[in-house]
Structure formats: structure tokens, C-alpha cells
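A short write-up of the structure that comes next.
The values are calculated or read from the model by the stated rules, or taken from the named source; none is laboratory data. Not measured: the values here are computed from a predicted model. Reconstructed Cβ throughout: ideal geometry from the backbone, glycine too, with neighbour counts over all protein chains shown.
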Number of protein chains: 2
Amino acid sequence: MAARYSVLTNSPAGNEADTPTTRGATRGQVDAAIRSGLLTGRFIPGKAVTIRGLASELGVSPMPVREVLQRLAAENALEVKSNGRVQVPDMTPERFEEVLKARLLLEPELAERALFSLSKQDIKTLTVIDDEIDACIVSGDAEAYMQLNHAFHFHIYAASGSQVLLPLIDSLWLQFAPFMRTVYGRVGTVNLVDQHKEAIRAIEQKDAPALRDAISGDITDGMGLLGKEILKKTTGG
Amino acid sequence: MAARYSVLTNSPAGNEADTPTTRGATRGQVDAAIRSGLLTGRFIPGKAVTIRGLASELGVSPMPVREVLQRLAAENALEVKSNGRVQVPDMTPERFEEVLKARLLLEPELAERALFSLSKQDIKTLTVIDDEIDACIVSGDAEAYMQLNHAFHFHIYAASGSQVLLPLIDSLWLQFAPFMRTVYGRVGTVNLVDQHKEAIRAIEQKDAPALRDAISGDITDGMGLLGKEILKKTTGG
DNA sequence: CGTGCCATTTTGTGATCACAAAATTTGCAG
DNA sequence: CTGCAAATTTTGTGATCACAAAATGGCACG
């Protein structure tokens, strides 16, 4: 069977106007594809991912996939088992509690650092994103919700220009996102509440403590309550 | 010149009692070698590292080096520039301040989590390490000092059994270690003071707040004061 | 019908190759 | 001597290959 170029690659010889000069373009596309898949929950925790499988699915050789998988394993988004097999890590209560703690330590801090770099245009963008999030919650589109929730948070964080804290938070999101997707698949999205509007108000008023509280509350509401409950149930039965 | 198997590799065909079953042994050795080199300051910030260079230096093919470099780049220990070149990132005041902040947020927390897992044997080990550190400070052996200081901190942190916070802190150390090495090379090690003895005492007495303070103080003393002063000078002239 | 064993297939790993882009050196003209 | 351009070397990238270990499936035997 001829490898059917499925997703984000076209003919490998004819890219003239695309990104011809950029070194490592293929790797970048593979990285973006897998990363996006993890963040929106298209990879199931515990499921093994194979180099050749992803390579043929993306229409590229195994080489760039190998490198990207190593990258993601280094960020603890994927797990390399002792036999070399790569899989999406299973969530455990301990891991979950640690991710929650780390998020609560780092994200409010980075949000505050971004506060005075956020323009009126940014506020408008955040409002648009939050409206779309509300629509996804009622429509029950978990994948779109996750993508937009990520966009909301990282639109704030990215404004900080951070080079250290931001990658750490990136790693955290990659770790809990696949698990949260399974949670939404089980309990739906209607129970979701967010403190995004409080966050937007705090940004408008340049109120740092309020922004910290909103981010903390959003993390606790969206992740803490929901996830802890699920983990209790799954470990119990 | 024939590639002289320099460091940690022997004949590739005769490993029977070593690690024959372990998958990815070569990559693991390359990873350990480069990581150790970064943590002890054998790589200079701003200096480019080449795949083929490291490969021939370690007596392996470029393949495992490529993957390890991608891993370390994902941890922000190395920087992949737009032309594909890989180099040790230069330290900037902004980066330094962020690393310091992140360390102060994460490391006291992880130390506290490890507190009740630290045995009397661990305390003895820490005491031995700290004695060796004192010897290195007076003898001026910066490389050994850095290796031991890392060992001291991570012997505590590792006891926590953390799977999330520990890798984040790992990434932070890889980011500031090469820079700190250049600092010690400039101002020497005699000015170094550490709060390791206070930390050991807090562990003995299972005093969590005291341990947090000791770790925070150690970070501030060893990194904050020294590094900020250096960065001010270098950016000023 | 269950269980252990063997053949087959899948998969990761390390090595090598070909190519293009980038850096470096060389050479020449002003 | 200086500055620019062409040639050479270096370097990263993607692809393919060979091999070993692991997983899978089927088959025989109890």
C-alpha cells in the first residue's frame, strides 16, 4: 500500500513558497502535529506510539519522528519504557497531585509577569477565546474546549516573554492534557466552570493579586476538583 | 586519524557482562556524558556543539548524539538556532532572574516533600558530601564543587520520589550550571558559602519550615548574590 | 480446552549515505 | 592592505539499511 499523505504534509519535492529556507521544517511539522495531538487529547494514556506508525501516518521517514519522540520524552510528555517502547504515560494520583501543585506555583507567577504586557488587543482576543470556550462547553466539544483553554492560558503567559517559566508550564500541560481528555470523555463538559472572566477583569484593571487568584481558581476548578474525583473512583474500582 | 575511543565506550562487539539487554544503552551513555559535562561546566555558554564532533569524541555514530541533543534542547539545556546549529545558551539577566525565581518556587517545595523520606543513612551521606564540598571550596576545584553541590541537592530531592517536580528542577540546573561555572572561573570559589549545614540540621529535626528556609537561603546565597553581581558587570562593560 | 513453545512479524537502534544550507577559507581585484 | 566573491569544507537533515530484541500469533502437546 502506498503511504497515503494524510495530514500536514504535501508533496515533499514541490515546496517552493512554503518554508524552503527553514532548517528542520519536517521535524517542526512533526513536532507540532504530535504536540497538538497530545494537548487536545487525541492520544490516549497508556497507549503505545510507534515510530514507524507515526511516520507513515504523517507521510515522513522515521527519522524526524524519532527525534521528536525523544524531545517529548524529555519533557515528560511521553514515556520511554525499558524495552524502548514509547507510550503516553498513565496518570497516577501522585503524578496528578504534583502537576497540580506545580501549576499552582508557576502559572499565577507567570500570569502576573505578563500582566503589564497585555494590551487592549490582547484582552479582546482573550474575550473572543473565552466566548468560544463557553460555546464548546455547552456543545460538549471536548477537543475544541481543550484547544481553546490552552490558547487562553498561553496567550496570557506568552505575553510575559518568559524563556524559563513558560517551557516548564508547557511541559506540565503536555503531561496532564491527555488524562484530562479522558476525564471529559467520561463526565462530559457541562460541569466545567472557569474563572476566565475574572481573569480578564483582573487584566483590564491591572490587578495582579486578582489575576493570581483567578488563575489559581481556574486551575483548582478545572483540574483539581474534577481530576481528583475521577482518580479516586478509578483507583477504587 | 583513526577515531580513538576516548571516554566511555569500548569495543562495540564484546559487551557480554556489561549491559547487553538494555535497549538504548549507547544513547544513555551519550546522554549521561553530555549531561554531566553541562552540570560540571565543561561546556562554555555560547560555544557551538556539533553532532559529528561529539560523536567522534565519544566514539559513537552521529545517531545517538542527534537524539540526545534534541532531548537536551527540549529541556532548554541546549539551544537549536534557526540554522540548525546547536549551542549552549548564553545567560541573560532575564533568564537568570527567571531561573532563580523558579528555583525558589520549586526546590523548597520538593525538599519539604522529601523530608520524611530521608533516613539517617541519607543524613550521613549528605554530611559526607558537604564535607567534600567544603574541601573543594578551599582548594578551589570548581568542577568538583559543582558536581558535589548537585549531588547534595538532588540526593535530597530524589528521596521525594517525585516524577514531575524533579524533572522540572533538573531542567533548571542544566540551564544555569554552565553559566555558574564561568562565574566561579572568574571570582573563584573562596567566596562561596552554603546553608547545607542548616539544611542537614533541619532534616535531622524534621523541621519543614527550617528546611525550606535553608534551601531558599542556599539558592539565594550561592546563585542570587553571586550571579546578579556578575551579570551587572558583564552587561555594563 | 488450556498452556507452553516456536516461528513470524513488528519495532527500536545504531550506522551510513546523499543532499542542501551554512560557514569558512581562498583568491583576486581595487 | 582591504573588501568582496567564488570555491571548499563543515554541518545538519532526512532517508534507508541491517540487526537484535521484543511482541505477536499459531501450533502442538498435555
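Every residue in segment A:114-131 that is crowded, with 16+ Cβ neighbours inside 10 Å and either free of Cβ contacts under 8 Å to residues at least 24 places away in the same chain or in a loop (DSSP other than H, G, I, E, B) (or both), please.
A:Leu118
Could you tell me how many of the residues in segment A:86-107 are assigned to a loop (DSSP other than H, G, I, E, B) and either at the interface with chain B (Cβ under 7 Å from one of its Cβ atoms) or of a type in the set (Ser, Thr, Tyr) (or both)?
Within segment A:86-107, residues that are assigned to a loop (DSSP other than H, G, I, E, B) and either at the interface with chain B (Cβ under 7 Å from one of its Cβ atoms) or of a type in the set (Ser, Thr, Tyr) (or both) number 1.
When you scan segment B:52-68, do you find a residue that is in contact (Cβ under 8 Å) with a residue 60 or more places away in the chain, within 14 Å of chain A (Cβ to nearest Cβ) and under 26 Å from A:Gly24 (Cβ atoms), even just one?
No, the conditions are met nowhere in segment B:52-68.
Does A:Gly53 satisfy being more than 14 Å from the chain's Cα centre (by Cα) and modelled with pLDDT under 90?
The answer is no for A:Gly53.
What is the residue count in segment B:52-76 for residues that are near DNA strand D (Cβ under 9 Å from one of its atoms) and either in contact with a Cys (Cβ under 8 Å, 6 or more places away or on another chain) or within 19 Å of A:Pro62 (Cα to Cα) (or both)?
Within segment B:52-76, residues that are near DNA strand D (Cβ under 9 Å from one of its atoms) and either in contact with a Cys (Cβ under 8 Å, 6 or more places away or on another chain) or within 19 Å of A:Pro62 (Cα to Cα) (or both) number 6.
Quick check on segment A:64-101: of everything there that is among the β-branched types (Val, Ile, Thr) and within 13 Å of DNA strand C (Cβ to nearest atom), which residue is farthest from B:Ser171 (Cα to Cα)?
Here the residue is A:Val65.
How many of the residues in segment B:22-42 are hydroxyl-bearing (Ser, Thr, Tyr) and either at positive phi or within 7 Å of DNA strand C (Cβ to nearest atom) (or both)?
1
So which of B:Asn76, B:Asn15, B:Asn83 ends up being at pLDDT below 95, within 12 Å of chain A (Cβ to nearest Cβ) and outside any helix (DSSP H, G or I)?
Just one listed residue meets the conditions, B:Asn83.
Taking segment A:42-66 as the region of interest, how many residues are over 15 Å from A:Lys81 (Cα atoms), hydrophobic (A, V, I, L, M, F, W, C) and surrounded by fewer than 17 Cβ atoms within 10 Å (Cβ to Cβ)?
Looking only at that region, the number is 2.
If you take just the helices (runs of 4 or more DSSP H) that sit entirely in segment A:143-237, which of them hold at least 1 residues that are buried (at least 16 other Cβ atoms within 10 Å of the Cβ), away from chain B (no Cβ under 14 Å) and at pLDDT below 95?
Filter on segment A:143-237 gives A:165-187, A:226-236.
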